[in-house]
1. Could you calculate, for segment 162-233, the ratio of the Cα radius of gyration to the Kirkwood radius, expressed as Rg to Rh?
2. Please report, in debye to the nearest 20, how large the charge dipole of the chain is about its Cα centre when each Lys and Arg carries +1 at its beta carbon and each Asp and Glu carries -1 there.
3. Taking the Cβ-Cβ separation of Arg101 and Ser47 as r and a Förster radius of 22 Å, what is the calculated FRET efficiency to the nearest 0.05?
4. May I ask you to order 81-94, 47-60 by the average number of other C-beta atoms within 10 Å around their residues, highest value first?
5. Could you point to the residue in Gln87, Ala40, Thr58 farthest towards the positive end of segment 1-127's charge dipole, with +1 and -1 charges on the Cβ of Lys/Arg and Asp/Glu respectively?
6. Can you tell me how much longer the chain between Trp70 and Ala122 gets when fully stretched, taken as 0.36 nm per residue apart minus their C-alpha distance, in nm with one decimal?
7. Provide the per-residue ³J(HN,Hα) series for segment 103-112, in order, calculated from phi with Karplus coefficients 6.51, -1.76, 1.60 and θ = phi - 60°, each as a whole number of Hz, with x at glycine and proline positions.
8. Got a sec? How would Leu142, Leu172, Leu191, Leu108 order by Cβ neighbour count within 10 Å, fewest to most?
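Please treat every number below as a calculation from the coordinates, not as lab data. Just so it is clear, the model here is predicted, and its values are computed rather than measured. No Cβ is skipped: glycine too gets one built from the backbone with ideal geometry, and neighbour counts run over all protein chains shown.
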Amino acid sequence: MAVTDRSMTVEDAVTTRRSVRAFRDTPVPRETVERLLGLAARSASNSNSQPWHVHVVTGGAKDSLTRALWAALDDGRFGTDPRYPYQPAPDDWVEPYRSRRSAFGRALYQDTLGIDRGDRDARAGHHRRNYAFFGAPVGLILTVGADLGCGAFVDAGLFLQALMLLARADGLDTCAQASFVDFDLVIRHELSIPDDRIVICGMSLGYADEAERVNAFRSRREPLEAIATFVDG
Ligand SMILES: Cc1cc2nc3c(=O)[nH]c(=O)nc-3n(C[C@H](O)[C@H](O)[C@H](O)COP(=O)(O)O)c2cc1C
């Protein structure tokens, strides 16, 4: 098992973080999760509004959430919150994001998992694993207060990033998962989340299973010129 590395720099945490999509069943102690969440809650937020809330699901609760989500997936019972259009429909993505999204899909499905573009069943099979938190012992569902405007989503993003980096220093791995947003209604029902909150992300937390091919995937980034403009003088 990976060990806590208090000497890990922020840079180390940033560069070693990656989305892990297969976990070992090694448990993560509740005290560890509590400490990580407490620290992540030190994240900045607009007017210190702290719009985030996390449901931590483990054991039987996690399994029953997975079963409910698989049932909804099989029945096509998608239920997104109309207050929060998370992303464009697949055909509505514009450049340059469209190309980046396709490149990501190709690199993960084709090059890493060996799944052909046309193999819908195999793709669906991998997608389905999202809802089992990729086998991680801990699943997190992040919600924000509804009707706070887009700023709350920025705040929640800071919380997520802090959590992912803090996890690294404990030898833990994560995968942020927007796929849960597709089942906002099912999740809110299963976890008794009131409708003044919006599901904005899920997350798997645990120890990477390095033997699984999917975890060999490494994502690429655009060069600095594509993402930064320096304005001087
Ligand atoms: C908000 C958010 C939602 C994401 N949703 C999913 C998801 O549902 N399923 C998944 O496998 N990966 C998901 N990812 C992981 C991204 O695909 C990943 O961050 C990106 O490809 C860059 O790779 P890296 O995290 O390994 O650096 C998500 C990431 C973020 C930040």
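1. Taking Rh as the inverse mean 1/r over Cα pairs, Rg/Rh reads 1.13.
2. 320 debye
3. Working from the Cβ atoms, E equals 0.10.
4. 47-60, 81-94
5. Of Gln87, Ala40, Thr58, it is Ala40.
6. Using 0.36 nm per residue and subtracting the Cα-Cα distance, I get 17.2 nm.
7. Result, rounded to whole Hz: 4, 4, x, 4, 5, 6, 6, 7, 6, 8.
8. Fewest-to-most ranking of Leu142, Leu172, Leu191, Leu108: Leu191, Leu108, Leu142, Leu172.
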